[in-house]
Amino acid sequence: MAQFNVHFFKEKNKDIDFDQIRMFFDRIEGFSESFDDVAARFEYTHPRLGYQSAFVVTPKTQVPDIYRLSPKFLDVNFHLEMPVLTPDYVAKQVFEIVRSIAETFSLHIYNQMFEDVLPYRQNVLMKVFQMVKEAYIGKNPILLKDYHVLPKDKLAHILRYLDDQLELQKYYKDLETYVPRYHFLNHDQTLMIGIEWKDQTLTLFPPQIDVIFYRINDEIRVIPYEPARKLMEKHLEDVPGFIKGTKVVPKKNARKVFKIMRKSAFDIIGQTYTKETVMRLLD
C-alpha cells in the first residue's frame with residue numbers, strides 16, 4: 001500500500017540527538033523499535049485499534065525533491081510513514097505524535113504536496129492527507145472491492161467507541177452495565193454493525209449500530225436497532241460526555257425496556273452473513 005510521508009527538517013542545522021528520539025518513543029504506548037543497515041524504525045501499532053505506522057531514521061535523505069526547498073531548512077533524515085488508507089480518526093492521533101516531535105526537537109515538517117517546509121500545522125497536514133487519500137482511491141478504484149466505505153463521521157464514531165471501550169467498561173462496571181463489542185458483518189454485500197444483548201442485562205448501545213443480537217434463554221433474535229430504539233427511547237439515557245446517540249439502559253427503567261423487547265413484534269433479519277473486521281472499513 002502507498003505511504004503518506006511526513007519529513008522532519010531543522011532550521012540552519014541538522015543536529016538531532018538519536019538517543020533522545022529513542023527516549024521519546026519509549027514513553028509512548030504502542031511503539032517498538034528495529035534496526036538494520038538501512039534504517040532505524042520506530043514502529044507504532046495503535047494500542048486499541050491496531051493500525052500501524054512508523055517513524056524512520058535513515059542515513060541519507062528520503063526527500064525526492066529536496067533541492068527545490070528553502071536552503072535554510074535541513075533534512076534531519078527522519079520521517080513518518082503511514083499507509084494512505086489510514087482512517088482520519090487514527091491519522092489525527094498519529095499527527096499528534098508528529099506535533100509532539102516537532103515541538104520537542106524544534107523541527108519543521110514537509111510533505112511532497114507542500115510548496116515548502118512548514119511549521120507544524122494540524123489543519124494543513126490533515127487537509128493534505130485527505131487530498132492524497134482521495135486521489136489515491138480515485139486512481140485505484142479496484143481497492144474498494146476489499147473495503148466497506150463509510151462516511152468519515154460514521155467511521156470516526158465507530159473507532160472512538162472502540163478506542164474508549166475499556167474506559168467505558170471501567171466506568172459502567174459498578175453500575176453492572178454491559179459495554180458490548182461491535183460485530184462487523186457482511187449481509188448481502190452490505191455492512192451490518194451489531195451488538196449482543198442478553199435479556200435482563202443492563203446494556204450500553206454504541207453509536208452507529210444496525211442490529212441487536214437479542215438473547216432470550218437459548219434463542220437469539222436478530223432485531224433491527226432503529227425501530228427498537230424508537231420504542232425504548234424515552235426509557236434510555238445518553239452516555240454522559242460521549243458521542244451523541246450513544247445510549248444506555250438505566251436500572252430504574254430496566255423493567256419497562258425488557259418488557260418492550262419481549263412483547264414487541266420486530267421484523268427479524270435473516271442470519272446469512274459473514275464476519276468482517278474493522279480493518280475492512282474505509283472513510
Filter segment 207-235 for residues that are of a type in the set (Val, Ile, Thr) and assigned to a strand (DSSP E or B); the one that is most open to solvent (accessible area, probe 1.4 Å) is Ile220
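Do we find a residue being at pLDDT below 90, surrounded by fewer than 17 Cβ atoms within 10 Å (Cβ to Cβ) and of a type in the set (A, V, I, L, M) anywhere in segment 22-32? Walk me through how you get there before you give the answer.
Step one: of segment 22-32, the residues at pLDDT below 90 are none.
Within segment 22-32 (the criterion being at pLDDT below 90, surrounded by fewer than 17 Cβ atoms within 10 Å (Cβ to Cβ) and of a type in the set (A, V, I, L, M)), the answer is no, since none of the residues qualifies.
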Name the pairs: first residue in segment 32-55 and over 21 Å from Asn77 (Cβ atoms) and touching a residue at least 24 places away in the same chain (Cβ under 8 Å), second residue part of a loop (DSSP other than H, G, I, E, B) and not small (Gly, Ala, Ser), Cβ to Cβ under 6 Å, at least 6 apart or on different chains? Tyr51/Thr86
Look at segment 148-206 and say how many of its residues are open to solvent by less than 40 Å² (accessible area, probe 1.4 Å), in a strand (DSSP E or B) and touching a Lys or Arg at 6+ places or on another chain (Cβ under 8 Å). 9
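Those residues that are of a type in the set (S, T, N, Q) and either open to solvent by 100 Å² or more (accessible area, probe 1.4 Å) or touching a residue at least 40 places away in the same chain (Cβ under 8 Å) (or both), I need them from segment 236-283; list them, please. Don't jump to the end; show me each part of the working.
The first filter runs over segment 236-283 and keeps only residues of a type in the set (S, T, N, Q), leaving 246, 253, 264, 271-272, 274, 277.
Answer for segment 236-283, where residues must be of a type in the set (S, T, N, Q) and either open to solvent by 100 Å² or more (accessible area, probe 1.4 Å) or touching a residue at least 40 places away in the same chain (Cβ under 8 Å) (or both): Thr246, Gln271, Thr272, Thr274, Thr277.
For segment 91-144, enumerate the residues that are assigned to a helix (DSSP H, G or I), of a type in the set (D, E, K, R) and open to solvent by less than 80 Å² (accessible area, probe 1.4 Å). Let's see the steps before the verdict.
So the first thing to find is which residues in segment 91-144 are assigned to a helix (DSSP H, G or I), and the list is 91-105, 122-139, 141-144.
From the residues that got through so far, the ones that are of a type in the set (D, E, K, R) too are 92, 96, 99, 103, 127, 133-134, 139.
Within segment 91-144, Glu96, Arg99, Lys133 qualify.
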Considering residues of segment 89-116 that are modelled with pLDDT of 95 or more and among the charged types (D, E, K, R) only, the residue farthest from Lys10 (Cα to Cα): Lys92
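The values are calculated or read from the model by the stated rules, or taken from the named source; none is laboratory data. In this text the structure is predicted, and so the values were computed from the model without any measurement. Neighbour counts are summed over all protein chains in view; Cβ atoms, including those assigned to glycine, are modelled from backbone coordinates with ideal geometry. Ligands, DNA and RNA are stripped out before the accessible areas are found, and what is left, the full protein with its side chains, is counted by its heavy atoms. Shrake-Rupley method; radii C 1.70, N 1.55, O 1.52, S 1.80 Å.
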